[in-house]
Amino acid sequence: MQLFFGWLAWLLTVLGGYLAVLGAVLCLSCGLYYAAELAEEYSVLTGKLLRYATQGVVAGHVLLWLDGFPFGRCLTGMMCHGAYAWLLNDYPRLELSSPAFILAILAFLLSHYSWFTFLASGEGPFLPFVNSLGFFAVFVWLVPFSLFVSLSINDNELPLGAPQAPRS
């Protein structure tokens with residue numbers, strides 16, 4: 001005998017799905033908070049790791065090109081990571097109004113649009129959603145999101161300039 005014709009099972013499944021998403025968001029936010037704390041504590045090491053990650057992703061773009069991905073898309077990704085490397089020159093001091101930061105934001109949007117249209121249009125190989133997510137995590141999001149997490153380092157840095165006399 002079906003009491004609710006499967007509606008109860010459907011309702012419990014939807015509720016469980018929403019609770020799982022809520023748990024994943026909570027875990028992600030805790031992880032980002034911890035990553036920001038580590039970046040603040042070890043800012044020199046964080047800068048080195050960001051440089052290595054940028055170089056690794058650029059090398060990955062070269063390997064993608066050798067594997068048959070379009071040269072223009074791979075060059076776009078490499079140029080975007082060049083903009084991120086320019087932003088790392090003054091690391092950990094990141095000025096939100098600097099030309100390097102604005103260029104990095106525009107480069108992120110360009111890279112995201114370029115790779116999304118490539119994968120969604122069917123022009124490239126068909127990748128299931130999880131594989132596309134992994135591709136984006138490594139080749140598009142890794143360095144910019146790491147820079148985003150380390151933005152709080154600038155707030156806790158001591159000033160390096162000479163002290164100025166109080167004005168009367």
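Can you tell me the FRET efficiency between A59 and S98 if r is taken as the Cβ-Cβ distance and R0 is 35 Å, rounded to the nearest 0.05?
The value I calculate is 0.85.
Maximal additional length on extending the S121-W86 stretch stands at 9.5 nm, based on 0.36 nm per residue less the C-alpha distance. In this rough spin-label picture, where each label sits 7 Å from Cα along the Cβ direction, the L109-E37 distance is 3.5 nm. With the simple model of a label 7 Å out from the Cα in the direction of the Cβ, L75 to L22 spans 5.0 nm.
At a probe radius of 1.4 angstrom, the accessible area of region 1-66 per residue rounds to 80 square angstrom. Just to confirm a number: summing +1 for Lys and Arg and -1 for Asp and Glu over residues other than Y34 whose beta-carbon lies under 12 angstrom from that of Y34, what do you get? Spelling it out: positives minus negatives among the neighbours equals -3.
Rounded to the nearest 500 deg cm²/dmol, what is the calculated helix-only ellipticity per residue at 222 nm for the chain, with -39500 (n - 2.57) per DSSP H run of length n ≥ 4?
-23000 deg cm²/dmol
Sort region 61-143 into rounded, prolate or oblate with this rule: let a ≥ b ≥ c be the square roots of the eigenvalues of the Cα gyration tensor; rounded if a/c is under 1.5, and if a/c is not under 1.5, prolate when a/b is larger than b/c, oblate otherwise. Prolate is the answer for region 61-143, as a/c is 1.5 or above and a/b outweighs b/c. Which of rounded, prolate or oblate describes region 1-81 when judged by the alpha-carbon gyration tensor and an a/c cut-off of 1.5? Since a/c reaches 1.5 but b/c is at least a/b, the shape of region 1-81 is classed as oblate. Counting protein heavy atoms only, the chain has 72 percent of its accessible area on carbon and sulfur, 1.4 angstrom probe. Taking a ≥ b ≥ c as the square roots of the eigenvalues of the alpha carbon gyration tensor, the chain is oblate, as a/c is not under 1.5 and a/b does not beat b/c. For region 82-123, the solvent-accessible area with a 1.4 angstrom probe is 57 square angstrom per residue.
The values are calculated or read from the model by the stated rules, or taken from the named source; none is laboratory data. The structure displayed is predicted, hence computed values, not measured ones. A quick note on method: Cβ atoms are made from the backbone with ideal geometry, for glycine too, and the neighbour counts reach across all protein chains shown. Note: areas computed on protein heavy atoms with side chains; ligands, DNA, RNA excluded. Shrake-Rupley method; radii C 1.70, N 1.55, O 1.52, S 1.80 Å.
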